[in-house]
Every structure is written in structure tokens, then in C-alpha cells.
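Please treat every number below as a calculation from the coordinates, not as lab data. Keep in mind that what you see is a predicted model, and the values were worked out from it rather than measured. Note: ideal-geometry Cβ built from the backbone for every residue, glycine included; neighbour counts use all protein chains shown.
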Amino acid sequence: MNTLSLFNLKGKTALITGSGSGIGFALAKGLAGAGAKIILNGRNETKLKVAKTKLEELGAAVSLLVFDVTHSETVKNTIENYERNVGPIDILVNNAGINIRGPFEDFNETDWKKVLDININGAMNVSQAVAPFMIQRKAGKIINICSMQSELGRPSVVPYAVSKGGIKMLTKALCAEWAKYNIQVNGIGPGYFETELTQPLKNDPEFDQWLRNRTPANRWGNPEELVGAAVFLASDAGNYVNGHILYVDGGLLASV
Ligand SMILES: NC(=O)c1ccc[n+]([C@@H]2O[C@H](COP(=O)([O-])OP(=O)(O)OC[C@H]3O[C@@H](n4cnc5c(N)ncnc54)[C@H](OP(=O)(O)O)[C@@H]3O)[C@@H](O)[C@H]2O)c1
């Protein structure tokens, strides 16, 4: 018996949205390391081509699907075309996300809608596009990237927190609806990881110190530290894990 084979993703294809950089790229690399074929996604083709080359140099099989997750028709058509003409998408990681920070009393409607559109509607669009094929095959893994703000509020990130609370509930609600088709819908809730998204926070010495003090591990996370959780939830090792949010946060949520 080989327990590690439970985590093997050989023969599986994973689509990771927003994977040209940051956490998405780290997850793509990690899933490729477990044997999965990778589909990179984002809006910026140039950035994606660079990411593709980096993964191919490591021996990964990689293709690109360039689309904006908020464009529902494009998402649907692109995924349908991939499924019919290339092959199955076994694993979906809904990772694409943004944050627009600012005091809520001054927050404008356009930015509010933008955050919710990308962070929630984006995940909804891509999940809905892959679902008919996963349902037909009676197999599928969906991993939604949540956040500390799926559980905790914080000044200046109200729309982000609303979107990440929504993603947590999208995870649970889809589990309730699709578990009968052998689709596992889970979430990963990262603590604070150094990426483009968090660069303004990392560059602020006051925030940096506050975060270290607030996190039992006393440090920021490295995006590669999310890979174990992703492989677990994407693989047979997680076949009976459903509707769960796995927080990878250096202990932040466990402490006050
Ligand atoms: N970093 C953290 O500490 C942290 C903590 C908790 C949760 N998260 C979550 O983790 C996810 C990734 O964040 P990150 O820190 O890696 O940020 P990032 O480096 O800014 O990466 C975000 C990615 O999403 C893509 N993207 C944005 N809007 C998109 C759209 N409409 N359609 C398709 N792709 C889109 C971007 O690529 P293009 O610009 O090329 O489209 C980019 O590659 C987000 O959901 C974020 O909320 C991050």
C-alpha cells in the first residue's frame, strides 16, 4: 500500500484562475508537482506566457485560457470549447481576486461592484461553466480561495470582507448542492501571504509589525505553503472532505 498515491494528481487537469502570479501561480506549480496538467488563466496574456514558460521549464504540461472571470459568456464558451475539444477539467481552483481598500464611508459604488464582481461572480461563473461536465462525469474538485476576511472584519476592506464571506458560503452551498454528484467543493483560507495584492501592506512597517505580533507564527506566509492544502483538497486524499474551509494562517484565526 502506498499512502502517498492518494495525493497523486497524474492524469488530472487543473484550471487555476488568476494564476499568472502570486498565490495562483504557486498553486499551479504545486499541483503540477503532484502530476496534474495545468491550465493557467488570467486577463494578461503576456504575464501568462511568462508563467507558462517557467512551469514548462520545471517539466509541467501547461496550457493557457485567457479570459476575464467576470465575462460569463466568454467563460462558458471557453470552458465548453476546452472540454469538447481538448479534455476534461477535473480540478478548478477559483483563485482570481482583487482588493480595493478605503474607508467605507467614502467607498464608491463602482469599486464596490468591481470587488464583488471579480471575487464572487467570477467564482460563480467559472464554477457554473465546469459544473455540467463534472456532473456528467460524476467527479470533480472545486477549491475556492477564501481569506481571513471570510471570518474576520478589518477596517478599510469592507467590500473584500463581504466578498470573502460570500465565497465561504458559496463553498458550503455548492457542497450541499453538488456533493450528490461526487463533486467536492472546499475552500482554502490563506492568512497573510506576500504577493502583489498585499505589497502595500508588506511595505507598511506599522502593518508588518502588527501582523507579525498578531500571527502566532510571527511571520508572513510564503505562497508555496498553500500547496499542501491544495493538493490534499484536489486529490483522492480529500474525497470525503466537502464544504470545508481549510485555513492556512500561521495560527492567526486561533488566537486573539
Ligand atoms: N496574498 C494574500 O495574503 C491573500 C490572503 C488571503 C486571500 N488571498 C486571495 O488569494 C487570491 C490570489 O491573491 P494574490 O495575493 O495571489 O493576488 P495577485 O498576486 O494580485 O494575483 C491575483 C491574480 O488574479 C488575476 N485576476 C484578477 N482579476 C481577474 C479577472 N477578472 N479575471 C481573471 N483573472 C483575474 C490577476 O491576473 P490578471 O491581472 O492577469 O488578470 C492575478 O494573477 C485572491 O482571491 C485573494 O483574495 C490572498
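How tilted is helix 45-57 with respect to the longest principal axis of the chain? Cα atoms for both, answer in degrees (0 to 90, nearest 10). So the helix axis and the longest Cα principal axis differ by about 70 degrees. Working from label points 7 Å from Cα in the Cα-to-Cβ sense, the residue 218 to residue 44 distance is 3.5 nm. For the chain, the longest principal axis of the Cα atoms and the long axis of helix 22-33 meet at an angle of about 30 degrees. For residue 32, the shell of other residues with beta-carbons less than 14 Å away shows a net charge of +2, using +1 for Lys and Arg and -1 for Asp and Glu. Reported to the nearest whole Å, the Cα centre-to-centre distance from segment 235-249 to segment 174-233 is 14. Database remark: amide H of residue 251 closer than 5 angstrom to no amide H (H placed geometrically; neighbours at sequence offset of 5 or more, or on other chains; Pro and chain starts carry no H).
Taking a straight Cα-Cα cut-off under 21 Å and skipping sequence neighbours fewer than 8 places away in the same chain, the lysines within cross-link reach of residue 114 are 76, 164, 168. Coordinate range of the alpha-carbon atoms in segment 27-157 per principal axis, descending: 48, 34, 27 Å. Helical runs assigned H by DSSP (4 residues or longer) give the chain a calculated mean residue ellipticity at 222 nm of -13000 deg cm²/dmol, each run adding -39500 (n - 2.57) before division by the residue total. The alpha-carbon atoms of segment 1-90 define a convex hull whose volume equals 97 cubic angstrom per residue. For segment 3-249, the share of alpha carbon pairs falling in successive 10 Å distance bins from zero is 8, 33, 38, 18, 4, 0 percent. Hey, what angle do you get for helix 158-178 against the long axis of the chain, alpha-carbon based, 0 to 90 degrees rounded to 10? Once rounded, the angle reads 30 degrees.
Straightening the chain between residue 202 and residue 100 buys 35.2 nm, computed as 0.36 nm per residue apart minus the Cα-Cα spacing. Counting only Cα atoms, the size of segment 139-256 along its three principal axes is 48, 27, 27 Å, in decreasing order.
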